[in-house]
Structure formats: C-alpha cells, structure tokens
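*Asks:* Quick one: the structure is below, questions incoming.
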Amino acid sequence: MSRIDDQRPFLAVNIAILTVSDSRTAADDRSGDALVEMLTRDGHKLAARAIVKDEVPAIVGKLTEWIADPNIDVVISTGGTGVTGRDVTPEAFERVFEKKIDGFGELFRWISFQKVKTSTIQSRAVGGVAGGTYLFALPGSPSACRDGWDEILKWQLDNRHRPCNLVELMPRLQEHLR
C-alpha cells in the first residue's frame, strides 16, 4: 500500500516547466501556471520556465539545455502531445531519452480514461530519463496537468513516498558512467 513516511525529511526537487505551444504566451499559459502552482504548493522549487513552439528542434534544444543544467532535476512539459500534425513533443522527447519510463504514459492514460473515457487515446504523454534528469511530457490542458501532477508526479517526486519513489533513485541515474 502506498503511503507517505513522515519519519523521513522532505527533499525539495528542482523542476523546470516547459510549455510547448504555437499560440501561448506568458500572459495566457494556464497549464504552465497550474504546474508551477502545484509544484510550489507541494514544496518543490521552480528552477526554470519557458515557452517554445511546436517544433522538434526548439523542444530538443530546450530539453538539452536543461538536461545539462545541474540545477534542474526534473523537466515537465505541457502541450504538443496530441495527434495533429503540429503535435511533436513526444518525438522531441524520444530524441533525448536515454531510457523511457513506459509506465508514466500508461498510468497517465489509465487515470485519464476514468474521466474522458476513450478520448484518452489521443494523449501521447511520455516519460523518461536523460543525463540524470527526469523528463515528463503532459497534454496541454490544465486538467491534464492536474491529473499528471496530483495523481502521479506529486507522489513519485516525494522522497517520503513508499514503497518507492523516483527521487531516491536520482543518485543512481548516471551510475552507468562510473
């Protein structure tokens, strides 16, 4: 049974938020705002924030920059995960992944199915690791961001979560380089 172990001290994680959109600006980025509000509410630190166009080179460029930044532990993106021609976020993430976390997308769609039923097949949410940084791509709606955070990431990015969590694995993400 999953639970929070209150005997362990909470460790804040440094998280970057990336909005992928051809139309959003800082003034109307509701999904990015929702993610920032949730991560700070839950004790984590906003390490960086940006908006890039739905273009593979732009997404890969920002991901590569943030993966190389030792002050960023996790990148969460919102937008560009659908099936239209301009939705290229999963393709961009796949270019930088060293390892995929298949269970993230699978679990996100299972959670989403409870709310939007078969429309969840339109979501291509993905997760993975590169350069010791966790990378997660969520759909572009504030509701999807809340589902991804409140139902999955909030727990897996809390080092007190039992029986296990992603934070306690961070020191081992690059052990293949030793």
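*Asks:* Enumerate the pairs (first residue in region 159-178 and under 18 Å from residue 43 (Cα atoms); second residue anywhere and open to solvent by less than 40 Å² (accessible area, probe 1.4 Å) and assigned to a helix (DSSP H, G or I)) with beta-carbon separation below 9 Å, excluding pairs fewer than 6 apart on the same chain, so at least 6 apart or on different chains.
*Replies:* Pairs found: 159/167; 160/167; 161/167; 166/153.
*Asks:* Further question on the same structure: State whether the residues of region 16-26 include one that is acidic (Asp, Glu) and within 13 Å of the chain's Cα centre (by Cα).
*Replies:* So far as region 16-26 goes, no, none of its residues is acidic (Asp, Glu) and within 13 Å of the chain's Cα centre (by Cα).
*Asks:* In region 130-165, which residues are surrounded by fewer than 19 Cβ atoms within 10 Å (Cβ to Cβ) and under 24 Å from residue 84 (Cα atoms)?
*Replies:* 141, 142, 143, 146
*Asks:* Next question. Any residue at all in region 30-39 that is of a type outside the set (A, V, I, L, M), touching a Cys at 6+ places or on another chain (Cβ under 8 Å) and open to solvent by less than 40 Å² (accessible area, probe 1.4 Å)?
*Replies:* Within region 30-39 (the criterion being of a type outside the set (A, V, I, L, M), touching a Cys at 6+ places or on another chain (Cβ under 8 Å) and open to solvent by less than 40 Å² (accessible area, probe 1.4 Å)), the answer is yes, since at least one residue qualifies.
For (1) of a type outside the set (D, E, K, R); (2) surrounded by 17 or more Cβ atoms within 10 Å (Cβ to Cβ), each residue gets a yes or a no:
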| residue | (1), (2) |
| --- | --- |
| 26 | yes, no |
| 48 | yes, no |
| 56 | yes, no |
| 83 | yes, no |
| 102 | no, no |
| 106 | no, no |
| 112 | yes, yes |
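Let's see how each residue does on (1) at pLDDT 95 or above; (2) out of contact with any Phe, Trp or Tyr (no Cβ under 8 Å at 6 or more places or on another chain); (3) over 25 Å from residue 164 (Cβ atoms):
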| position | (1), (2), (3) |
| --- | --- |
| 2 | no, no, no |
| 7 | yes, yes, no |
| 13 | yes, yes, no |
| 22 | no, yes, yes |
| 28 | yes, yes, yes |
| 33 | yes, yes, yes |
| 38 | yes, no, no |
| 41 | yes, yes, no |
| 44 | yes, yes, no |
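*Asks:* Considering (1) buried (at least 19 other Cβ atoms within 10 Å of the Cβ); (2) over 27 Å from residue 2 (Cα atoms), say which one residue 91 fails and leave the rest.
*Replies:* With (1) buried (at least 19 other Cβ atoms within 10 Å of the Cβ); (2) over 27 Å from residue 2 (Cα atoms) applied to residue 91, the lone miss is (1).
The values are calculated or read from the model by the stated rules, or taken from the named source; none is laboratory data. Values in this document were obtained by computation on a predicted structure and should not be read as measured data. Don't worry about glycine lacking a Cβ; one is built from the backbone with ideal geometry, like all the others, and counts go over all protein chains shown. Please note that ligands, DNA and RNA were not included when accessible areas were found on the heavy atoms of the full protein model with its side chains. Shrake-Rupley method; radii C 1.70, N 1.55, O 1.52, S 1.80 Å.
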